[in-house]
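Colleague: First, the structure itself, so that you have it in front of you.
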Amino acid sequence: MPHLLYVEASPRKDRSASIAVAHAFLDAWTARHPDGTVDTLDVWNTDLPEFDGEALAGKYAALSGEAPSPAQDEAWTTIRALAGRFQAADLMVFGVPMWNYTIPYRLKHLFDLVSQKDLLFSFDERGQNGLLTAKAVVINARGVAIGADFPAEIYDHQSTYMATWLRMVGITHVHQILVEKGLMGADLDRESRARGRAEAEALAATLSD
């Protein structure tokens, strides 16, 4: 039974292009996989603990090969549970709005919590090795298009960050969908969303399990 993890990173559910296009993918995917399950992780309504104090001490204890203290182990309970949602996924879908040419801070907070040795990656003589084998779909929404003054090959820290993080945790089968110009008038917004939804629905229909 396929298991999909949907990570929602926009706080504006009523206006978000990333949510609208991601939901188009989810609807098409669930129609194709009626036996599948969808786990929604909304970063704005999920407890994301601070990574300091006992949590940070527990990380360095583990890196040093030391047994964690009870307080450190307790601090890692939520971190392990969050990472477990990534570990369980066969497919991940991310709805990611652009904030100042990169990803929202709450999504970065989530990644900083779960990106831990022996949870999502490991080390050996080859270096750092990702532990996840899922596929991923990333919906990148932007209010404007990255243009000549900000060439994408230099200033796109949204899709490139997502590709880098996914590669770090072992995921190399990645599809990215771009939805842009959402703040450049209602007509352009509708057109971009329509293209994004069509691309998402087509991808959901063809993406193999």
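Colleague: Under a Cβ-only charge scheme (Lys and Arg +1, Asp and Glu -1), can you give me the dipole magnitude of the range 6-104 about the Cα centre, in debye to the nearest 20?
Modeller: Using Cβ point charges on Lys, Arg, Asp and Glu, the range 6-104 gives about 420 debye.
Colleague: Roughly how many Å² is the accessible area per residue of the range 160-209, as a whole number, for a 1.4 Å probe?
Modeller: Value for the range 160-209: 57 Å² per residue.
Colleague: What do you get for the angle between helix 159-168 and the principal long axis of the chain? Use alpha-carbon atoms, 0 to 90 degrees, nearest ten.
Modeller: Long axis of 159-168 versus the principal axis of the chain: about 30 degrees.
Colleague: Over the chain, what is the relative contact order in whole percent, taking alpha-carbon pairs under 8 Å and six or more residues apart?
Modeller: On the way: 338 pairs, mean separation 54.7, N = 209.
Computed value for the chain: 26 percent relative contact order.
Colleague: Less than 25 Å apart at the alpha-carbon level, and either on another chain or at least 8 residues along: which lysines does that give for Lys59?
Modeller: Lys108, Lys117
Colleague: Can I ask one more? Taking the Cα atoms only, what angle lies between the long axis of helix 77-87 and the longest principal axis of the chain, rounded to 10 degrees?
Modeller: Helix 77-87 and the main axis of the chain meet at about 50 degrees.
Colleague: Among 85-91, 5-11, how do they line up from the highest to the lowest mean number of other beta-carbon atoms within 10 Å?
Modeller: Top to bottom by mean Cβ count within 10 Å: 5-11, 85-91.
Colleague: Where does the chain land at 222 nm, in deg cm²/dmol rounded to the nearest 500, when only DSSP H runs of n ≥ 4 count, each adding -39500 (n - 2.57), divided by all residues?
Modeller: Roughly -13000 deg cm²/dmol at 222 nm, from the helical runs in the chain.
Colleague: Which net charge results for the neighbourhood of Phe51, defined as the other residues with beta-carbon distances under 12 angstrom from its beta-carbon, given Lys and Arg at +1 and Asp and Glu at -1?
Modeller: -2
Colleague: Same structure, new question: Could you work out how far helix 186-206 tilts from the main Cα principal axis of the chain, as a 0 to 90 degree angle to the nearest 10?
Modeller: Approximately 60 degrees, to the nearest ten.
Colleague: Roughly to the nearest percent, how much of the accessible area of the range 1-111 is carbon and sulfur, given a 1.4 Å probe?
Modeller: That share works out to 51 percent.
Colleague: Take Phe51, Phe25 and sort them by solvent-accessible surface of the protein heavy atoms, 1.4 Å probe, largest at the top.
Modeller: Greatest to least solvent exposure: Phe51, Phe25.
Colleague: How much net charge surrounds Leu132 when only the other residues with a Cβ under 11 Å from the Cβ of Leu132 are counted, with Lys and Arg +1 and Asp and Glu -1?
Modeller: The answer is +1.
Colleague: Using a 1.4 Å probe, what is the accessible area per residue for the range 38-82, in Å²?
Modeller: Details: 2620 Å² over 45 residues.
Averaged over the residues of the range 38-82, the accessible area is 58 Å².
Colleague: May I have the extent of the alpha carbons of the range 22-125 along their three principal axes, as whole Å values ordered from largest to smallest?
Modeller: Principal extents (Cα only, largest first): 47, 35, 31 Å.
Colleague: For Lys135, list the aspartates and glutamates whose Cα falls under 12 Å from its own Cα; do not include residues on the same chain fewer than 8 positions away.
Modeller: Once the sequence-local aspartates and glutamates are set aside, what remains near Lys135 is Asp90, Asp209.
The values are calculated or read from the model by the stated rules, or taken from the named source; none is laboratory data. All values derive from a computational prediction rather than experimental measurement. Neighbour counts run over all protein chains shown; Cβ positions are idealised from the backbone, glycine included. All accessible areas refer to the heavy atoms of the entire protein, side chains included, with ligands and DNA or RNA removed. Shrake-Rupley method; radii C 1.70, N 1.55, O 1.52, S 1.80 Å.
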